[in-house]
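Below: one structure, written as structure tokens.
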Amino acid sequence: MDAIATRNLTKVYRGHIGRGAVKSLDRLTLTIAPNEVFGFLGRNGAGKTTTIKILCSLLRATTGEAFVMGQDTRRRATRKHIGYLPENPYFYEYLNPRETLDFYGELHGLTRAERAAEWDRLAGLLDLRDIAGQRVRGFSKGMRQRLGFAVALVGDPEVLILDEPMSGLDPLGRRMIRELILLLHGQGKTIFFSSHVLGDVEQICSRVGILVKGKLTTQGRLDELLNRRVNRVEIIATGLSEAAAAAVAARSDGVRESEQGRHFFVNDLDGANAVASDILQSGGTLVEFTPIRESLEEYFMREQETVS
Ligand SMILES: Nc1ncnc2c1ncn2[C@@H]1O[C@H](COP(=O)(O)OP(=O)(O)OP(=O)(O)O)[C@@H](O)[C@H]1O
Ligand SMILES: [Mg+2]
């Protein structure tokens, strides 16, 4: 069974004065296996939050279906499998973190003893002890995000759906969230999170989906997506005569010089191997042979251009 599955999910928002209908999601089909860490990428307005709200039973799809742990998200009971971190978590500002978690524990039907145990577990995990008694009202973005994450984890759900969990955080805050996601992955949880912070996604996801204007343009394993694109190699050589260097340059797609030697750039792996062998045959020395992988950032930017 998939942990999360959507089939042709489409959402059209209606009823805006002076505006036509907006198709915010267009036949989105996704599958996420249990225990995956899935990064859901897209620019502002791509439809990430719309998707997440449908998965969390907070919004109805116009057409199509969505399932979490095999259960239809149109049934509110499906929510019990999900821990949800909203884009902008809302809190009762006059409660402190301990009271906040207690409140959500009650909503989950936990007993008093279970709620106390939950507080111990989550206060440790999210470093809430020092702020246990402070009202949320004065909290910084980072403190709110930690508390929001703790709320999502109340009741120990199997599937975590996180809407931009790292946005607005400083590098330390982002690292904490990354480490937490990896820890939860180690505990067998399925994690689905949206982001436009590509570096964060690159570091922790096994698979990604890229959403462009409501359409999924790419879904796949990160290493495969990027591997397919290893198509530029940088070769550094020394000890070449001017004539040999010119001959090698003619077979390359770019050249430059540095104190390390002559750099030759070749846009495919076979061509790069041929250039390396030319260098050796002309008496040169290979200093470096480096395939340049495309970063997720570059990949992402190109995907944006393919959908108009
Ligand atoms: N309640 C609504 N009524 C009308 N249009 C909406 C509504 N909510 C979202 N939209 C539109 O749907 C599209 C997708 O919005 P959504 O919030 O899902 O994007 P997002 O990928 O989460 O963006 P962001 O990165 O800014 O959070 C946008 O064009 C947005 O204007
Ligand atoms: Mg959003």
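The values are calculated or read from the model by the stated rules, or taken from the named source; none is laboratory data. As the structure is a prediction and not an experimental result, all values here were calculated from the model. Positions of Cβ are generated from backbone atoms using ideal geometry, with glycine treated the same way; all protein chains shown enter the neighbour counts.
On the given criteria, is Gly133 modelled with pLDDT under 95 and more than 27 Å from Asp170 (Cβ to Cβ)? So Gly133 does not fit the description; no.
Within the option set Ile181, Ile177, being of a type in the set (Val, Ile, Thr) and closer than 18 Å to Pro97 by Cβ holds for one residue only, Ile177. Ile204 - would you say it is more than 16 Å from ligand 1 (Cβ to nearest atom), β-branched (Val, Ile, Thr) and either touching a His at 6+ places or on another chain (Cβ under 9 Å) or within 23 Å of Asp163 (Cβ to Cβ) (or both)? It is true that Ile204 is more than 16 Å from ligand 1 (Cβ to nearest atom), β-branched (Val, Ile, Thr) and either touching a His at 6+ places or on another chain (Cβ under 9 Å) or within 23 Å of Asp163 (Cβ to Cβ) (or both).
Does Gly168 qualify as being small (Gly, Ala, Ser) and touching a residue at least 60 places away in the same chain (Cβ under 8 Å)? When the stated conditions are applied, Gly168 does not pass them. In the range 33-136, counting only helices (runs of 4 or more DSSP H) that sit wholly within it, the ones holding 3 or more residues that are under 29 Å from the mean Cα position of the chain (by Cα) and surrounded by fewer than 17 Cβ atoms within 10 Å (Cβ to Cβ) span 112-126. Every condition in (1) more than 16 Å from ligand 2 (Cβ to nearest atom); (2) touching an Asp or Glu at 6+ places or on another chain (Cβ under 8 Å); (3) closer than 26 Å to Leu296 by Cα; (4) among the β-branched types (Val, Ile, Thr) is met by Thr49 except one, and the failing one is (1).
Per-residue answers, yes or no, for (1) of a type in the set (A, V, I, L, M); (2) modelled with pLDDT under 95:
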position	(1), (2)
Ala5	yes, no
Gly18	no, yes
Ser24	no, yes
Arg27	no, no
Ile54	yes, no
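Please pick out the residue among Arg146, Arg174 that is within 21 Å of Lys48 (Cβ to Cβ), assigned to a helix (DSSP H, G or I) and basic (Lys, Arg). Before the answer, list the steps.
On the way: Arg146 fails: within 21 Å of Lys48 (Cβ to Cβ).
Within the list Arg146, Arg174, the selection yields Arg174.
Go through (1) more than 16 Å from ligand 1 (Cβ to nearest atom); (2) in contact (Cβ under 8 Å) with a residue 24 or more places away in the chain; (3) outside any strand (DSSP E or B) one by one and return the number of the condition Ala5 breaks. Only one criterion in (1) more than 16 Å from ligand 1 (Cβ to nearest atom); (2) in contact (Cβ under 8 Å) with a residue 24 or more places away in the chain; (3) outside any strand (DSSP E or B) is unmet by Ala5, namely (3).
For Thr73, the conditions (1) within 16 Å of ligand 2 (Cβ to nearest atom); (2) more than 25 Å from Met166 (Cα to Cα); (3) polar (S, T, N, Q) all hold with the exception of (1). Scoring Tyr84 on the criteria (1) away from ligand 2 (no atom under 16 Å from the Cβ); (2) modelled with pLDDT of 95 or more leaves a single failure, condition (1).
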